[in-house]
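Have a look at the structure below before the remarks.
The values are calculated or read from the model by the stated rules, or taken from the named source; none is laboratory data. It should be emphasised that the depicted structure is a prediction, and the values quoted were computed from it without experimental measurement. Methodologically, a virtual Cβ is constructed for each residue, glycine included, from the backbone with ideal geometry; neighbour enumeration extends over all protein chains shown. Side chains included, ligands, DNA and RNA excluded: accessible areas come from the protein's heavy atoms. Shrake-Rupley method; radii C 1.70, N 1.55, O 1.52, S 1.80 Å.
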Amino acid sequence: MADDSIAVVDLDRCQPDRCNYECANYCPPNRTGKECITERGEDADEGDPDQIRISEEICLGETCGICVEKCPFDAIEIINLPSELSEDPVHRYGENAFALYGLPTPEPGNVTGILGPNGIGKSTAVHALAGERIPNLGDHETDPEWERVLDRFRGTGLQNYLAALEAGDVTVARKPQYVDQIPKQFDGNTRDLLERTDERGALDDLVDRLNIRPVMDQDIDSISGGELQRVAIAACLARDADFYFLDEITPYLDIGQRMVAARLIQELANDDAERSMLVVEHDLAILDLLADTLHVAYGEPGAYGVITDPKSVRNGINEYLKGYLDNENMRIRPSAITFEEHAPRATSKGTPLVEYPDLTKSYGEGEFELHVEGGTIREGEVLGIVGPNGIGKSTLAKLFAGSLEPDTTDLDFELDIAYKPQYIDIDQPMRVDAFLSSITDEFGSSYWNTEVAQPLQLDRIMEQDLVDLSGGERQRVAIAACLSEDADLYLLDEPSAHLDVEQRVRATSAIRRYAENHDATVMVVDHDIYVIDLLADRLMVFDGEPAERGHASPPQEMREGMNDFLADLDVTFRRDERTGRPRINKPDSQKDRQQKRDGEYYYAP
């Protein structure tokens, strides 16, 4: 194989007991007597001995690709690497396994961001920077040594950091990606967990600013996803460390809570010139506000990943959205991700799907109460729902879906409603394909594959069990399950959680296209401003006092709705001059003050 190609075998998908080794039988080098594709044998360091291995020295590369086409389980990838990758990988997991090229550079006193798809090696990089894994520099057959690593990075920005790490002089604090796993690892209440982490004496301030004091004495397994996220952020930032790594700070948080978390991270970095902060984040508006420098990660998820040298945050995000990295002369996506330059879009004045009355829902005396002003939902529109957490958005979704009854009015829509809840519970002992085929007769049809499966990238997880899915994979399956139902109204609660930027765009496009092609009406609750910007025709805005009382306005046009929503949060957005993407203005900046005076909180150029 050419030096710029690798072969990857997914051992979770390679099933030799269910095939006839078509990959080996049709391999051109094998047919000439060479041993290119062979069984792993008893000396395999991982996997089933009957599973295959591919000799990268003999393989003809991507120009052949016969084994890729013949494998009935899509277990093989032959990939031409970018020609710019002249060095060996920083780490490779094994023969025909994932390879990572490059590492991010923590900068003392700064927040470093990483932007890229899931499965591209960001966690591998962090394991290396945290000292939890010595990079093997691509040589997976011998024990890795720090001396070789230090020699590899001599003269780079990483030299001093790695030398301190090898000497044991770097302490690390981490916030995990999937906070819903915390209750499975910790048995106790919030106070017990957080007090163990208070190494800087800053816990009280963190608890108040993140507004988690009301749950301090609750059991960890009884609090919501948004509360778990804020507890995890507090636990990480309360530690006294040299290197902080925060993996996705925004899932389940509203825009106000995201702003608070971003400010806390920035303050901690600025407070000590020796501290380094590394943040992986898919909410581009928050990443833009939060980071001082940015690494872009690209490649083929599950096969190889490349982490670029640091870029300015604005240029890094814009290049990522454009799909072309200037310094690297590398195209990472066939087409650009674009945003509308101006907000007022021509919304359909279509036929009303349903006119709903004023609604009230109370959970009891002294408990949360929601008041909803009556309004009209139109056929074929996508209605965005925005507002703080704990304000009643999910309660409204449940009222419309029929899983909750309003207090005073009989809400009988006579509509078929498909509902994707905020917190996904699909831990059923069945495969993804069996689960989805049980929902729709269209499963596997060309229409379903084109409209649902392909945009949500379900092909590679169809044969996995639901219980083995990651958070992002589970989210995509849940969106597919909702869109696969035959319904008049589709309700999706926070579909962007745990999806990377490209997956969010794909999911958004799938939802949008489904609504347009089927004249379907969709209601979407989400906190990612980019998702709402790309998706919604009109907005329903919630305000009030979280956990006490909520108020929902009737659906309104985007400009009016966004201005009402952001004015309540005291946050302004501007449009990037080059890409049209929304960017958060720094609080009390000249632009922020001017837009507030003009009453234009979102759509100013």
Summing -39500 (n - 2.57) over every DSSP H run of at least 4 in the chain, dividing by its residue total and rounding to the nearest 500, the 222 nm mean residue ellipticity is -8000 deg cm²/dmol
Quick one: putting +1 on the C-beta of Lys and Arg, -1 on the C-beta of Asp and Glu, what dipole do you get for the chain around its Cα centre, in Debye to the nearest 20? 1740
Residue-count net charge about residue 52 - beta-carbon cut-off 9 Å; Lys, Arg +1, Asp, Glu -1: 0
On a 0 to 90 degree scale, rounded to 10, what angle separates helix 313-322 from the longest Cα axis of the chain? 80
Report the extension gain between residue 38 and residue 425 in nm, rounded to one decimal, defined as 0.36 nm multiplied by the number of residues separating them, less their alpha carbon distance. 135.3 nm
Among 584-594, 210-220, 271-281, 107-117, how do they line up by average Cβ neighbours within 10 Å per residue, starting with the highest? 107-117, 271-281, 210-220, 584-594
Cut-off under 23 Å on the C-alpha distance; same-chain residues fewer than 8 positions from residue 361 excluded. Which lysines are left, in chain and number order? 393, 398, 420
Hey, for a label at residue 336 modelled as a point 7 Å past Cα toward Cβ, could you say which residues of segment 277-319 have their backbone N under 17 Å away? 314-319
Classified through the alpha carbon gyration tensor (a ≥ b ≥ c as square roots of its eigenvalues; rounded if a/c is under 1.5, else prolate when a/b is larger than b/c, else oblate), segment 531-605 comes out oblate
Starting from the Cα of residue 442, step 7 Å along the direction of its Cβ; do the same at residue 414; then give the gap between the two resulting points in nm. 2.5
Percentage relative contact order, segment 288-415, counting C-alpha pairs under 8 Å, at least six apart: 15
Compute for the chain: radius of gyration divided by Kirkwood radius, i.e. Rg/Rh, restricted to C-alpha atoms, rounded to two decimals. 0.97
Suppose all protein chains stay in the model; what accessible area per residue would a 1.4 Å probe give for the chain, in Å²? 43
According to the Cβ-distance criterion of 4.7 Å, cysteines of the chain with no possible disulfide partner are 14, 19, 27, 36, 59, 64, 71, 236, 482
How many percent of DSSP beta bridges within segment 239-317 run antiparallel, rounded to 5? 50
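Express the relative contact order of the chain as a whole percentage, based on alpha carbon pairs under 8 Å and six or more residues apart in sequence.
Once normalised by length, the contact order is 13 percent.
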Linear extension gain, residue 240 paired with residue 263, 0.36 nm per residue minus alpha-carbon span: 6.5 nm
Full-extension gain between residue 156 and residue 449, please, as 0.36 nm times their residue separation minus the C-alpha to C-alpha distance. 100.8 nm
Rounded if a/c is under 1.5, else prolate if a/b is larger than b/c, else oblate: which is segment 170-240, with a ≥ b ≥ c the root eigenvalues of its Cα gyration tensor? oblate
Once both axes come from the Cα atoms, what is the angle between helix 225-237 and the longest principal axis of the chain, in degrees from 0 to 90, rounded to 10? 60
With the crude spin-label approximation of a point 7 Å out along Cα→Cβ, what separation in nm comes out for residue 468 versus residue 407? 4.9
Segment 141-256, dipole about Cα centre (Lys/Arg Cβ +1, Asp/Glu Cβ -1), debye to the nearest 20: 300
Using +1 at the C-beta of Lys and Arg and -1 at the C-beta of Asp and Glu, which of 339, 308, 293 has the Cα lying farthest in the positive direction of the dipole of segment 244-380? 339
For the chain, find the longest principal axis of its Cα atoms and tell me its angle to the long axis of helix 558-569, 0 to 90°, nearest 10. 90
Can you bin segment 46-92 into rounded, prolate or oblate? Criterion: square roots of the alpha carbon gyration tensor eigenvalues sorted a ≥ b ≥ c, rounded for a/c under 1.5, prolate for a/b above b/c, oblate for the rest. oblate
Under 14 Å, Cβ to Cβ, from residue 372 - net charge with Lys/Arg +1 and Asp/Glu -1: -3
